[in-house]
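One structure below.
The values are calculated or read from the model by the stated rules, or taken from the named source; none is laboratory data. Please read these numbers as outputs of a predicted model, since none were measured by experiment. When we count neighbours, we look across all protein chains shown, and the Cβ atoms used for this are built from the backbone with ideal geometry, even at glycine. Areas reflect the complete protein model, heavy atoms only, side chains present, ligands, DNA and RNA absent. Shrake-Rupley method; radii C 1.70, N 1.55, O 1.52, S 1.80 Å.
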Amino acid sequence: MLLRTGIGRLTRPLTGSLRTKLIAWFFVPTAIILVAVALVNFNSYQNVTEDLVIEKDRDLTQLWAGQLSTNLDRFPKVLSEVSHTLGISKQSDAHVQASLGSASPQLRIFDGGVIVLDTFGTVTAIHPLRPEIVGQDWSGRALSLQMLRSPEPIFSDVLYDGSQETEVIEVAVPIIGDQGEFLGSMVGVFHLGATSISAFYSGIVRLRIGNGSSYIVDGTGKVLYHDNQDQVGADFSMHQPVTQMLLGEAGAIRHRDQQGADQVSAFAPIPGTPWGLVTEESWSSLTSGSRNTQRYLLLLLALGVIVPAIVVAIGLKRVMRPIKALTQGAQRIAEGDFEHAITASSGDEIQTLARQFNMMADALKESYAGLERNVEARTEELREANQTLTALIEASPLAIGVLNQDRKLRSWNKAGERIFGWTEAEALSQPYPLLAAEEDRDEALDRQRRILAGESLLGLELHHRKKDGSPVDVEVWAAPLRDGRGEISGGVVIYADITERNEAQEALLQAEEKYRSIFENSVEGIFQLSPEGEIIAGNPALAQIFGVEFPEDITASQLDEQLDPPERSYFHELGRLIREGGSVLGYEVEEFRQDGTPIWVSISARAVYSQQGELDYYEGTVQDITEHKLAEEELRQSEERFRNLVETAQDIIYTVSVDGILTSLNPAFETISGWSRFEWLGRPADDLIHPDDLDLAGDLLQRSSAQPPETQRFERRLLTKSGAYLNCEFLTTLLVRDGTAIGIVGIGRDVTERKEAEQTLLEQTRELAVLEERNRFAREIHDTLAQGFTGIVLQLEAAEQVLGTGAPEVQDHMSRAKGLARDSLQEARRSVWDLLPQALEQLPLDTAIEEEVRRRFDGKGSFSVSGEQRPLNSSVQTALLRICQEALANVSRHAAATKVSVNMTFNTGAIHLEVRDNGIGFDQAETGDSRKEGGGFGLIGMEQRARQLGGTVLVTSEKGKGTVVEAQIPAA
């Protein structure tokens, strides 16, 4: 196809025909070249101008950032000089406080005061003196922690000073002793936004930064300084230049501001601080000087296009006539018809050109066929090789990732998703070392650099993390990838999950260390028994179970010697079971202590064999289950009854300890609230209750334990996992043991839908009643007064025609009567209009619906109208507006949607209204007909409105895919 297209292109230029004609029109390509040069110069000039403007703004901003850094250096220098001059490192706390007072002239520049901290981060002195601050522990502040890590001058982000209830900026320098040791720090404080009195802000203002607006942000994106004082303290972290600057970048970008105007924002970090400088200037002011030149270039470009176009049009019209046949033949060859032969008998260059085309067509036919065969064979080879390699990577049990030169993943196989939890799409979108823990990021980056520098990694064991943050141990192999020129184009990394292997090794070591401690301190008896039944070894718990003082007292005895003759055969039965099954778990039998007291024991044992397969001994445990045995049956039956009741209940059943901690929750809690019950066990029950409802639980626990347990019924709002609150009805009572309250047991039932349905039904019933009454009044006025006044007007007009022009006085009275009738008719019509819904009194229907969408959802909602709009009667308008309002209210209450669209379509015989959201939706198969269960009153109201006008309402929904409400109402 490419060859055929190329031939088609060749045939068109060659229609230039004879040499004399080519010479005559030689200046045409020259004109085209001139136009192209003008166009290139215009684009180049425009691009160079834009680049220079942006580069200038970036360089100036970096220069101003450097000047700001120099200006800010004087504050830590003042603190260091005062610390050195006064010898604060050698003074006691009281002397330090006095010294700060004597240095007040130098320290006056810090409008928030100066604070001295010791090595532990405790405030030892402050100027001006604030006794409530002295002695406070500031060790947990980020500034103190950073000073401990690196005792260098530090500039803080915006901090909140609780004692002065204001935001501040802090500058800290270390206090160094004579031996170079770190003895504490001196902190200077500036009030945020105090531009009129602050040396900090006056120094910035004196720099006169930028021709437009400028501002300084801290390391979190909060504004420290702004040309507009009202913006100081605002959060600019989401502004595009601030976002890039916080990543440590310096540069300039062209973008649109909030008003849609182009502007250039330059940004640069301020050296020595975590802050950054951003300058903004409108694009129009930056490029105003180049506009005249651009207009001149555009004029030249227009002339360079128009003049050659006219010349070419005239020339082509004259030249194309004699070569039309040649063009048609060449077109067929260009379309791939290589069998077609071009004939021409003009006797000049055209005939020669036709012969050359025929020769070229034959050559192209042969060449095209060979090329098709070669391409097809090579494509098949590459496809097979790629499929083999892809199948190998996907089938590998090892995680395999491929890095590009930017150290980002460009390939990730299924094993990687299985081991680490990251899908291929998630892994490829990560901008940093994906798998390394936070504290190992630098080492991971270093390993990536080494791989891309040509180094290979073999069997390196590392600690990585999964997507959910859990650790995973891996063994890593890595090597660089090279392209056809032998240059490194990326790297391949292979991971093997060795977590289980490492855990097994660690568990083995811990088991060996703990085995002896477990043996000696176990509450269960542990024994080793010879095949003949002689106890080889036993722990102290074994001796206690059998009523002897030391394990050695039974070491040489036989277990059967502790039993009566009828019971001695159980040892042989136990040995048989162990030999047949390899082990026995929980073998229960009645034994006797040394004093003859009967006991029940549970024996768990296994056989230990030698390498030759011979039985060496038995080992196992003995547990005294006497009390358990006696109570087991009764407890089992009781627990089974209670468990069935709690686990199958549809209401929440819970218990709370005396200190308000949840101690149990049944599965119904998960169904109703969306929380997992295990997320809340051991947490305060108050955290699940709306703050305004926290009264009853504490009130119950404070009642006198002498009173009988009191049952309370009340309603409270319960927090769900989505963050919403459900209305629940609770029935609670005290748990009392030995006359003392030990907690609360309660039952909770979700009554949210019932209360919402009751409220909705009440509102809709009231609204329907008002609407019906208003419509009735409107119909009465329209059908009686309005019709009557219309008839009077018609009768008066007829009377005028009968009387003619005679009796002027009668004509005058007739005119007055007709005017009064018309005024009364207009007043009747106005009364009918006044009875329309409130939203339609001042706005058309489409504007009222659009306003309703905007009011409820603002930027998340949209409204559109399609079809040919036409007037609608008030009943149809009212029904459409009320149905839309109810549907939007349901979306607002229940859907948790981020996008809502409303569309009204004017069809031929009906009006179609659609309300669509992308919320959580619901399963209609599970919900069923909500009206049968007492719910769905909002839908009932919408259906009733539509049905009164001969229309319908349809609701379609699916979990996770949103909901669509459609109303169809006849237009007549």
- [ ] Looking only at segment 674-688, decide whether some residue is open to solvent by less than 30 Å² (accessible area, probe 1.4 Å) and polar (S, T, N, Q).
- [x] no
- [ ] Please enumerate the residues belonging to segment 560-602 that are in a helix (DSSP H, G or I), at pLDDT 75 or above and in contact with a Lys or Arg (Cβ under 7 Å, 6 or more places away or on another chain).
- [x] Ile578
Task: Test: residue in segment 270-280 that is without any contact (Cβ under 8 Å) to a residue 12 or more places away in the chain, outside any loop (DSSP other than H, G, I, E, B) and assigned by the TED database to the domain that holds Asp161 - done: no
Task: Candidates Ser89, Ser44, Ser80, filtered to the one that is open to solvent by less than 60 Å² (accessible area, probe 1.4 Å), modelled with pLDDT under 80 and closer than 18 Å to Gly177 by Cβ - done: Ser89
TODO: For segment 444-487, name all the residues that are in contact with a Lys or Arg (Cβ under 6 Å, 6 or more places away or on another chain) and under 20 Å from Arg410 (Cα atoms).
DONE: Gln448
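Here are Gly233, Gly260, Gly251: which of them is of a type outside the set (Ser, Thr, Tyr), more than 20 Å from Glu281 (Cβ to Cβ) and over 25 Å from the mean Cα position of the chain (by Cα)? Full working, then the answer.
Values: Gly260 fails: more than 20 Å from Glu281 (Cβ to Cβ); Gly251 fails: more than 20 Å from Glu281 (Cβ to Cβ).
Unique residue meeting the criteria: Gly233.
If I ask for residues that are open to solvent by 70 Å² or more (accessible area, probe 1.4 Å) and among the β-branched types (Val, Ile, Thr), which ones from segment 649-664 would you list? Quick ask: steps written out before the conclusion?
Filtering segment 649-664 for residues open to solvent by 70 Å² or more (accessible area, probe 1.4 Å) gives 650, 658-659, 663.
Selection gives Val658, Thr663.
Name the residues in segment 854-884 that are out of contact with any Leu (no Cβ under 7 Å at 6 or more places or on another chain) and β-branched (Val, Ile, Thr), would you?
Restricting attention to segment 854-884, the residues satisfying the condition of being out of contact with any Leu (no Cβ under 7 Å at 6 or more places or on another chain) are 854-855, 857-871, 873, 882.
Passing the criteria: only Val865.
Rundown of residues vs (1) β-branched (Val, Ile, Thr); (2) open to solvent by less than 50 Å² (accessible area, probe 1.4 Å), yes/no style:
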{"site": "Val205", "(1), (2)": "yes, no"}
{"site": "Ile209", "(1), (2)": "yes, yes"}
{"site": "Gly212", "(1), (2)": "no, yes"}
{"site": "Tyr225", "(1), (2)": "no, yes"}
{"site": "Gln229", "(1), (2)": "no, no"}
{"site": "Ala234", "(1), (2)": "no, yes"}
{"site": "Met245", "(1), (2)": "no, yes"}
{"site": "Ile253", "(1), (2)": "yes, yes"}
{"site": "Ser265", "(1), (2)": "no, yes"}
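Being open to solvent by less than 50 Å² (accessible area, probe 1.4 Å) and of a type outside the set (A, V, I, L, M) is the filter here; which residues of segment 371-420 pass it?
Of segment 371-420, the ones open to solvent by less than 50 Å² (accessible area, probe 1.4 Å) are 393, 396, 399-404, 409, 411-413, 415-416, 419-420.
Passing the criteria: Ser396, Gly401, Asn404, Ser411, Trp412, Asn413, Gly416, Phe420.
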Open item on the list: For His95, only one of the following conditions fails: (1) under 38 Å from the mean Cα position of the chain (by Cα); (2) surrounded by fewer than 18 Cβ atoms within 10 Å (Cβ to Cβ); (3) not in a loop (DSSP other than H, G, I, E, B); (4) not hydroxyl-bearing (Ser, Thr, Tyr). What is its number?
Closed with: (1)
- [ ] Evaluate segment 382-389: report whether one residue or more is of a type in the set (Lys, Arg) and either in contact (Cβ under 8 Å) with a residue 60 or more places away in the chain or not assigned by the TED database to the domain that holds Val474 (or both).
- [x] yes
TODO: Give the number of residues within segment 135-155 that are assigned to a loop (DSSP other than H, G, I, E, B) and in contact (Cβ under 8 Å) with a residue 40 or more places away in the chain.
DONE: 1
Open item on the list: Any residue at all in segment 191-198 that's at positive phi, open to solvent by 40 Å² or more (accessible area, probe 1.4 Å) and in the same structural domain as Arg141 (by the TED database)?
Closed with: no
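Can you give me the ranges of the strands (runs of 3 or more DSSP E) entirely in segment 438-538 with at least 1 residues that are open to solvent by 100 Å² or more (accessible area, probe 1.4 Å) and either touching a helix residue (DSSP H, G or I) at 6+ places or on another chain (Cβ under 9 Å) or of a type outside the set (Val, Ile, Thr) (or both)? Spell out how you get there, then give the answer.
Values: elements: 457-465, 471-482, 488-497, 525-529, 535-538.
Answer list for segment 438-538: 457-465, 471-482.
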TODO: Those residues that are in contact with a helix residue (DSSP H, G or I) (Cβ under 9 Å, 6 or more places away or on another chain), surrounded by fewer than 17 Cβ atoms within 10 Å (Cβ to Cβ) and within 20 Å of Asp917 (Cα to Cα), I need them from segment 953-972; list them, please.
DONE: Thr956, Glu958, Lys959
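Just name the residue that is modelled with the highest pLDDT out of those in segment 624-647 that are of a type in the set (A, V, I, L, M) and under 23 Å from Glu588 (Cβ atoms). I'd like the intermediate steps shown before the answer.
Within segment 624-647, the first condition is being of a type in the set (A, V, I, L, M), and the residues that meet it are 625, 630-631, 635, 645-646.
Remaining after also requiring under 23 Å from Glu588 (Cβ atoms): 625, 630-631, 635.
Working: Ile625: 85, Leu630: 75, Ala631: 75, Leu635: 72.
Applying the filter and picking the extreme gives Ile625.
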Open item on the list: I'm told Glu914 meets every condition in (1) more than 23 Å from Thr720 (Cβ to Cβ); (2) out of contact with any helix residue (DSSP H, G or I) (no Cβ under 9 Å at 6 or more places or on another chain); (3) modelled with pLDDT under 85; (4) open to solvent by less than 50 Å² (accessible area, probe 1.4 Å) except one. Can you identify the failing condition by its number?
Closed with: (3)
Open item on the list: Just checking, does segment 633-648 include any residue being open to solvent by 30 Å² or more (accessible area, probe 1.4 Å), aromatic (Phe, Trp, Tyr) and under 21 Å from Gly525 (Cα atoms)?
Closed with: no
TODO: Take Ser470 and decide whether it is of a type in the set (Ser, Thr, Tyr), modelled with pLDDT of 85 or more and closer than 12 Å to Val493 by Cβ.
DONE: no
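Looking only at residues in segment 858-868 that are over 10 Å from Ser901 (Cα atoms) and touching a residue at least 24 places away in the same chain (Cβ under 8 Å), which one is farthest from the chain's Cα centre (by Cα)? Steps first, please.
In the first step, residues of segment 858-868 are kept if they are over 10 Å from Ser901 (Cα atoms); the result is 858-859, 865-868.
Among the residues that remain, those that are also touching a residue at least 24 places away in the same chain (Cβ under 8 Å) are: 865-868.
Numbers: Val865: 33, Ser866: 35, Gly867: 38, Glu868: 42 Å.
Among them, the one singled out is Glu868.
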Task: Of the criteria (1) in a strand (DSSP E or B); (2) over 30 Å from the mean Cα position of the chain (by Cα); (3) not β-branched (Val, Ile, Thr), which one Pro871 fails - done: (1)
